[in-house]
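Asker: Okay, here's the structure, questions in a sec.
The values are calculated or read from the model by the stated rules, or taken from the named source; none is laboratory data. Nothing here was measured: the structure is a model prediction, and the numbers come from that model. Because the Cβ atoms are built from the backbone with ideal geometry, glycine has one as well, and the counts that use them run over all protein chains shown.
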Amino acid sequence: MPEHESAGALESPTHAVRDFLRRRREQIAQRWADEPLFRTVFTVSRDEAVEAGKLLVDALAQVADAERVEDPDAAGFTEVREQLARMGAARTRAGLSTTQVSAELAALTRPVENLLVADLEQEPSERLRACATTLSVLMGTLRLVAMQTALTEVQALIDRQRLQLLEVATPVIKLWDGIVAVPLIGTLDSARSQVVMETLLNAVVDQHARFAILDITGVPTVDSLVAQHLMKTVAAARLMGAECVVSGIRPAIAQTIVHLGLDLGTVKTRASLADALGYCLHELGANIVNAAPDGPGRR
């Protein structure tokens, strides 16, 4: 037997799978186009689903060529990660759980295995089993890559939504010309403190504010970490030319601050938002006059 034929006869199962994928690229893509994952994601036309399937087959062939069928970081998967992310995101938006998306990905294996068995039916049973096992591992790795990519996209979406919620939950209110206020409700952690600081400083610049009120009436507890965040925000506002007043210092919070030995001596504090507003108005030179009980608006 010639030397090259002997080498061909000893071709590894991985390379045999590579050749099969390249040889049956069109048929595999056609069968995938009828699977729920492709059919429900690529709704414009079937040809679109077929082309997407071909890209995945090419990626699998490249991974098999590099003999890295168990490696989700193989270079062949790089080019299809974005496509896998879009497919996973589309199914998630349609209401499917991660388990259901994983099941749809797993369903892609059977059509390819059926084609492999038909394609290699003349091969010895031992070699056919070896190739089928290699293909199964490769498809399992594709499934893992798809799920990793989908989870990364989901986490990125969660992070974006969390930031948006923090921004929505941290409104800046213009109380008077030159006076803005930020009512804080809930826990003040590091991430939210950064949003508070950025939002407040932007408002100081946009509103040309001389005073900024941080109202912590809705903050359940004040510990040393919360105090540090408040001090940083006050210092940042001061650098922008605005005086910062912290309002909502309830008796319980005042006792906590004393027990913790926290020094808020450089920070203007008031018991309520109304008191803080009154202080700021007074500093601006505004006169506050209470309406007479028998004034025009009273019957």
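Asker: Being closer than 16 Å to residue 26 by Cβ and over 27 Å from the mean Cα position of the chain (by Cα) is the filter here; which residues of region 54-85 pass it?
Answerer: If the condition is that a residue be closer than 16 Å to residue 26 by Cβ and over 27 Å from the mean Cα position of the chain (by Cα), then 54, 57, 58, 60, 61 are the ones that fit.
Asker: Say we look at region 183-208 and pick out the residues that are part of a helix (DSSP H, G or I) and farther than 22 Å from residue 223 by Cα; which of these is nearest to the chain's Cα centre (by Cα)?
Answerer: 199
Asker: Within region 119-142, restricting attention to residues that are in contact (Cβ under 8 Å) with a residue 40 or more places away in the chain and of a type in the set (S, T, N, Q), which residue is surrounded by the fewest Cβ atoms within 10 Å (Cβ to Cβ)?
Answerer: So, considering only residues that are in contact (Cβ under 8 Å) with a residue 40 or more places away in the chain and of a type in the set (S, T, N, Q), the one surrounded by the fewest Cβ atoms within 10 Å (Cβ to Cβ) is 133.
Asker: Within the set of pairs 6 or more residues apart or between chains, which connect a residue that is outside any helix (DSSP H, G or I) inside region 143-158 to a residue that is of a type in the set (Val, Ile, Thr) and modelled with pLDDT under 75 with Cβ atoms less than 9 Å apart?
Answerer: none
Asker: What number of residues in region 35-70 are of a type in the set (Asp, Glu) and in a helix (DSSP H, G or I)?
Answerer: Selection size over region 35-70: 5.
Asker: Applying the selection to region 226-266, what residues are surrounded by 12 or more Cβ atoms within 10 Å (Cβ to Cβ), assigned to a helix (DSSP H, G or I) and of a type in the set (A, V, I, L, M, F, W, C)?
Answerer: Hits for region 226-266 are 226, 227, 230, 231, 234, 235, 236, 237, 253, 254, 257, 260.
Asker: Six or more apart or on different chains, Cβ under 6 Å: which pairs go from a residue in region 247-273 that's in the same structural domain as residue 234 (by TED's automatic domain parsing) to one that's among the charged types (D, E, K, R) and buried (at least 17 other Cβ atoms within 10 Å of the Cβ)? Could you list them?
Answerer: 247/215; 247/270; 248/215; 273/215
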